[in-house]
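K.L.:
Mind having a look at this structure? Questions to follow.
The values are calculated or read from the model by the stated rules, or taken from the named source; none is laboratory data. Since we're looking at a predicted model, the values are computed, not measured. Here the Cβ is made from the backbone with ideal geometry for all residues, glycine too, and neighbour counts use every protein chain on show.
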Amino acid sequence: MWEVVRLRILVVEDEETIADIIATKLRAEKYEVDTSFDGEDGLYNAMTNIYDLIILDIMLPNKNGLEILKEIKENDISAKVIMLTAKSELDDKLKGFSTGADDYVTKPFHIEELIARVNVQLRNKGNHKVRDILEYSDLSLNIRTSTLTCKSTNESINIPYREFLLLEYFMNNKEQIISKEQIYDKVWGMDTDYESNNLEAYLSFLRKKIKIIGSKVNIKAVRNLGYKMEE
Ligand code: CA
């Protein structure tokens, strides 16, 4: 069984616009991302120990980033930590390093700079935890490049983000019936408005791409129950 384990990142940042920009960009890089907008919620989430990396702002309401860092280190939380600091917080930056932060980025920053630092921290982890290729029948999906290949025709096609998430979900649950609700939960999550999602349209784009490369795989509608990927 091929299973894709995505690396999971927590963003703790009280400026919600900044948090959203960071989260959106990281999701486009195929990380799983959660956000916390204050220190207490951030610590609560961090303590679950499900994250591979935490992006931690220093100035936060309720509990500051350095306090959070101290507590997660004392509790052996294994996540890498990148601190966000303002230029004026140089002392805090030094304190952060001595408390165990892995890196810091000074505000204001370019989003690409932050993403590059994240990728550096997770590079080794990623090699162990993420399989690059997901396979079913004559299909082979490269999850790093979002390229879908039909092994019998050797034809390939690039899959856009939302269709990629759909396809990945189906390939991880091949030959099983998946309900619409499960698909919405998994592919759209909570943070997109439901009405704008046109599942049927995305599925038809995806079916078309699978057909174009000559695969015998199909995503079938199962009346009243949902959908199923099969040969
Ligand atoms: Ca802040």
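K.L.:
Pick out the one residue from Asn197, Asn173 that is at pLDDT 85 or above and surrounded by 14 or more Cβ atoms within 10 Å (Cβ to Cβ).
P.N.:
Every option except Asn173 fails the conditions.
K.L.:
For the range 147-156, does any single residue satisfy the condition of being buried (at least 17 other Cβ atoms within 10 Å of the Cβ) and out of contact with any strand residue (DSSP E or B) (no Cβ under 6 Å at 6 or more places or on another chain)?
P.N.:
yes
K.L.:
Is it the case, given these coordinates, that Ser36 is within 14 Å of the ligand (Cβ to nearest atom), out of contact with any helix residue (DSSP H, G or I) (no Cβ under 6 Å at 6 or more places or on another chain) and without any contact (Cβ under 8 Å) to a residue 60 or more places away in the chain?
P.N.:
Considered against the rule, which asks whether it is within 14 Å of the ligand (Cβ to nearest atom), out of contact with any helix residue (DSSP H, G or I) (no Cβ under 6 Å at 6 or more places or on another chain) and without any contact (Cβ under 8 Å) to a residue 60 or more places away in the chain, Ser36 comes out as no.
K.L.:
Looking at Gly65, Gly96, Gly100, can you tell me which residue is crowded, with 20+ Cβ neighbours inside 10 Å, more than 15 Å from Tyr31 (Cα to Cα) and at pLDDT below 90?
P.N.:
None of the other options fit; the residue is Gly96.
K.L.:
Restricting to the range 59-72, count the residues that are out of contact with any Lys or Arg (no Cβ under 8 Å at 6 or more places or on another chain) and under 25 Å from Glu113 (Cβ atoms).
P.N.:
Counting residues in the range 59-72 that are out of contact with any Lys or Arg (no Cβ under 8 Å at 6 or more places or on another chain) and under 25 Å from Glu113 (Cβ atoms) gives 7.
K.L.:
For the list (1) under 23 Å from Thr145 (Cβ atoms); (2) part of a helix (DSSP H, G or I), I need the number of the one condition that Val33 fails.
P.N.:
Against the list (1) under 23 Å from Thr145 (Cβ atoms); (2) part of a helix (DSSP H, G or I), Val33 comes up short only on (2).
K.L.:
Here is a further query. Given the structure, is Asn45 in contact with a helix residue (DSSP H, G or I) (Cβ under 7 Å, 6 or more places away or on another chain) and either within 12 Å of the ligand (Cβ to nearest atom) or modelled with pLDDT of 90 or more (or both)?
P.N.:
It is false that Asn45 is in contact with a helix residue (DSSP H, G or I) (Cβ under 7 Å, 6 or more places away or on another chain) and either within 12 Å of the ligand (Cβ to nearest atom) or modelled with pLDDT of 90 or more (or both).
K.L.:
Related question: Any residue in the range 15-24 that is under 17 Å from the mean Cα position of the chain (by Cα), assigned by TED's automatic domain parsing to the domain that holds Tyr104 and more than 16 Å from the ligand (Cβ to nearest atom)?
P.N.:
Within the range 15-24, one or more residues are under 17 Å from the mean Cα position of the chain (by Cα), assigned by TED's automatic domain parsing to the domain that holds Tyr104 and more than 16 Å from the ligand (Cβ to nearest atom).
K.L.:
Which of the residues spanning the range 48-90 are assigned to a loop (DSSP other than H, G, I, E, B) and either within 16 Å of the ligand (Cβ to nearest atom) or outside the structural domain of Glu15 (by TED's automatic domain parsing) (or both)? Break it down stepwise before answering.
P.N.:
Keep residues of the range 48-90 that are assigned to a loop (DSSP other than H, G, I, E, B), which gives 48-52, 58-64, 75-79.
Selection gives Ile58, Met59, Leu60, Pro61, Asn62, Lys63, Asn64.
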